[in-house]
Amino acid sequence: MSASAGVRSGSFQTGSTGHPDECAFPDDDFWALFARDEEVVAMLTVRGDPRWSVEVTSLRPEAFRFDRRVVGPDDGFTFHDPSDGPPPEVETTDRVVIPPGSEAALWIVSPLDDDATGGADARVGVDQAPMRVRSLGIARDSTIDFDRTLWVSGLDSDSAEFRSQLEGLCAR
């Protein structure tokens with residue numbers, strides 16, 4: 001048994017803002033597409049792998065922050081809806097302790113730099129969040145891999161090119 005433990009995506013992932021994958025045959029790598037002028041807001045839960053508590057600290061808290069509440073499978077708690085925008089900063093934190101069998105919500109808000117889209121014809125994706133995981137007194141840098149990729153287009157939402165890009169997502 002290792003004293004160092006990891007974390008992974010939990011049981012819930014949502015991005016009800018942007019343009020989520022609604023194709024008849026979903027692309028396994030496509031979570032949602034955002035235009036350059038749309039705020040990227042998504043949320044997924046994070047679960048610890050071990051049988052003991054794990055402290056997880058975001059290495060980019062301006063883009064990846066935790067909900068202050070940690071929930072277990074029987075808590076019946078509903079997290080803030082991403083379509084309402086991100087939760088207020090006072091409801092989030094850069095670090096959280098996740099007990100065994102529990103999950104914490106990780107908020108993803110504008111994870112790319114403004115000029116990271118690489119131009120109008122390109123799109124850039126984000127599919128993981130850098131974290132520091134501490135368990136049993138040992139800390140190590142790691143990532144939380146998302147199940148799918150959040151994509152940001154270099155196009156504005158009101159452009160004909162962006163609408164064409166959206167229509168073409170399911171036409172592959």
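The values are calculated or read from the model by the stated rules, or taken from the named source; none is laboratory data. Quick caveat, the model's predicted, so the values are computed rather than measured. With ideal geometry, Cβ positions are generated from the backbone for all residues, glycine too; neighbour counts draw on all protein chains shown. SASA here: full protein model, heavy atoms, side chains in, ligands and nucleic acids out. Shrake-Rupley method; radii C 1.70, N 1.55, O 1.52, S 1.80 Å.
On region 41-89, 45 percent of the accessible area sits on carbon and sulfur atoms, based on a 1.4 Å probe. Annotation: peptides 37-48, 81-92, ranked by per-residue average of other Cβ atoms within 10 Å with the highest first, follow the order 37-48, 81-92.
When peptides 54-67, 124-137 are ranked by their average number of other Cβ atoms within 10 Å per residue, the highest-first order is 54-67, 124-137. Taking every alpha-carbon pair under 8 Å whose residues sit at least 6 apart, region 129-172 reaches a relative contact order of 23 percent. The convex hull around the C-alpha trace of region 32-100, projected and averaged over every direction, spans 5.7 square nanometres.
Along region 87-103 the Karplus relation, 6.51 cos²θ - 1.76 cosθ + 1.60 evaluated at θ = phi - 60°, assigns HN-Hα couplings of x, x, 4, 5, 8, 10, 8, 7, 9, 8, 9, 10, x, x, x, 10, 9 Hz to successive residues, with x for each Gly and Pro.
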